[in-house]
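Take a look at the structure set out below.
Since every read-out is calculated from the coordinates, none of them should be taken as a lab result. This is a predicted model, so every value here is computed, not measured. Note that we place each Cβ from the backbone using ideal geometry, even for glycine, and neighbour counts take in every protein chain shown.
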Amino acid sequence: MRFKSFLFLFAAILALTSCVSTKQMSYLRENEEQIDSIIQVQRIRTPYRIQVGDLLSIRVKALDQELVGMFNPVGESNPNATTEEAVYFDGFTVDDHGNIRVPTLGEINVLGFTEKEVREKIEKKLLEEYFKEEANIFVTVKLAGIRYTTLGEIGQGSQVIYKDHVTIMEAIANAGGIQELGDREHVKIVRQYPHGEEVHTVDVTSLDVTKSPYYYIQPNDMIVVNPLPRKALGLGTTGLEVFRTVTSLITLATSIYFLTTR
């Protein structure tokens, strides 16, 4: 009898310590000492610099649209093309040498430049070689959405959001959110730099993540959410699930014990 009591007490303790706590499943949790909080996000003012593999959308407009028609994507005349198709076929991909190929203008190096700098470079080239000031050309250069990849305990795959700025919270929500047994306290961001890849870790359960330099994701980021250790044990998510699983195992062990000691 004492043996059974010990086993069930052990099961209860294991159930309480193995379940996923509310703290681990929450997002943007406030400091317990704070009653009211005002989220002040410090937007990273450093402009993004274009890297190899980025996809750019470039448009040229003027008073006479026929004059600039050769510079604009052919896909504009196909209203049935989806956004993804249009971007893929008509966008300008930065090659391994950091160049893009623009109709008539040829190859233009954009590696390490900002969107504004690329726009100014194209405007200058157009005015020097093709148009006069009176043409009133208007050039727009934008990243064709922020593309990123998600892996692990989150909706897996390639994601894209058509905005200029995307937070880690928006990126996670767009991918379907983190699963119950995903580690929200150690979300990894694999980011590309000219010198190679670096891994950064953010805690999305804390409100302080809004102050992180990695709160805003960048194109080609990879977001990895690893499982909590208890997933490997297969005990369950809630305390009740864990208790039932452990109780079943202990009942089986107890039955085998009494059968073998008779």
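An oblate overall shape is assigned to the range 55-142, the ratio a/c of its alpha-carbon gyration tensor axes (a ≥ b ≥ c) being 1.5 or greater and a/b not exceeding b/c. The order of the peptides 109-120, 174-185 by mean Cβ neighbours within 10 Å, most packed first, is 174-185, 109-120. When the listed pairs Lys61/Lys163; Lys125/Lys163; Lys142/Lys211; Lys116/Lys188; Lys61/Lys142; Lys163/Lys188 are checked against a 19 Å cut-off, the alpha-carbon distance exceeds it for Lys61/Lys163; Lys125/Lys163; Lys142/Lys211; Lys116/Lys188; Lys163/Lys188. Potential lengthening of the chain between Lys163 and Leu67 amounts to 31.6 nm, from the contour at 0.36 nm per residue minus the alpha-carbon distance. Roughly speaking, what % of Cα-Cα pairs in the range 129-218 are separated by over 15 Å, rounded to a whole number? Across the range 129-218, Cα pairs with separations above 15 Å total 66 percent.
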